[in-house]
Amino acid sequence: MSGKRFLCLPGCTNCCRRAGFVYLTEGDLARAAAHVGLPPEEFEARYVYRTRHTLRLRKPRRSSCYFLAERGCRLHPDKPTQCRLYPFWPELISRPEAWRKETRLCPGIGRGRLVPGAVARRRAERMRKAYPFMYEE
């Protein structure tokens, strides 16, 4: 992989509306709770679904995320690792056809500065380490 171009476009929230869940690390939970001014336990009780192996944000009935506002993410400076690393997810950068398909959802793919292949792979590896349950082989 020689590199990928990506520029997060102001006002775009397409990635937030993508199918699936937003998974959290324990650090993500703590940062998000602090960002909204809640103790982690209260933030978790209100907004998080926990299983034995995973943490994820709950989905409200008529939205993809409690923190998605008209102008974007209300957690933006402290958003979850999964959100910060998008679109440099292992399943997208390792398969050229998946990256191309994602351009239909994300208008920022293919724009902006070139992210060298090694940097894109390191970001994908951070995703893999943050959420090992998603990438078990």
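Could you tell me the relative contact order of the stretch 6-70? Use alpha-carbon pairs under 8 Å, at least six residues apart, and round to a whole percent.
Answer for the stretch 6-70 is 31 percent.
From the protein chains alone at 1.4 Å, what is the descending order of accessible area for Asp28, Asp78, largest first?
Asp78, Asp28
Can you list the GluC sites (Glu not before Pro) in the stretch 45-108 that are in a DSSP coil and have 12 or fewer other beta carbons within 10 angstrom?
Qualifying residues, ordered by number: Glu70.
Report the one residue of Cys106, Pro60, Tyr49 whose Cα lies farthest in the direction of the positive end of the charge dipole of the stretch 24-137 (charges on C-beta: Lys and Arg +1, Asp and Glu -1; origin at the Cα centre).
Checked the options; the winner is Cys106.
Which one, (1) 1.16; (2) 1.49; (3) 1.07, gives Cα Rg over 2.2 N^0.38 Å as derived from the coordinates shown?
(3)
Measure off, as a whole percent, the carbon and sulfur share of the 1.4 Å-probe accessible area of the chain, all protein chains present.
Whole-percent figure for carbon plus sulfur exposure: 50.
Would the stretch 28-73 count as rounded, prolate or oblate if I go by the C-alpha gyration tensor, calling it rounded below 1.5 in a/c and otherwise prolate when a/b exceeds b/c, oblate otherwise?
oblate
Return the FRET efficiency for the residue pair Cys8, Arg52: r is the Cβ-Cβ distance, R0 is 25 Å, and the value is rounded to the nearest 0.05.
Computed FRET efficiency for Cys8 and Arg52: 0.15.
In sequence order, what are the phi-derived ³J(HN,Hα) couplings for the stretch 36-45 according to the Karplus relation 6.51 cos²θ - 1.76 cosθ + 1.60 with θ = phi - 60°, rounded to whole Hz, with x for glycine and proline?
Result, rounded to whole Hz: 8, x, 10, x, x, 5, 6, 4, 4, 4.
Which whole-number value in Å² is the accessible area per residue of the stretch 1-47, probe 1.4 Å?
58
Which lysines have a Cα lying under 29 Å from the Cα of Lys4, excluding residues fewer than 8 positions away in the same chain?
List returned: Lys79, Lys101, Lys129.
Sort Leu114, Leu57 by heavy-atom solvent-accessible area, probe 1.4 angstrom, most to least.
Solvent-accessible surface, decreasing: Leu114, Leu57.
Around Thr25, which amide H atoms from residues at least 5 apart in sequence, or from another chain, sit under 5 Å from its own amide H, with H modelled in the peptide plane?
So Thr25 has HN proximity to Thr81.
Can you give the relative contact order of the chain as a percent, counting alpha carbon pairs under 8 Å and 6+ residues apart?
With pairs under 8 Å counted, the relative contact order is 39 percent.
The values are calculated or read from the model by the stated rules, or taken from the named source; none is laboratory data. In this text, all values refer to a predicted model and were calculated from it rather than measured experimentally. Reconstructed Cβ throughout: ideal geometry from the backbone, glycine too, with neighbour counts over all protein chains shown. The protein model used for the area step is the full one, side chains on, heavy atoms only, and it has no ligands, DNA or RNA in it. Shrake-Rupley method; radii C 1.70, N 1.55, O 1.52, S 1.80 Å.
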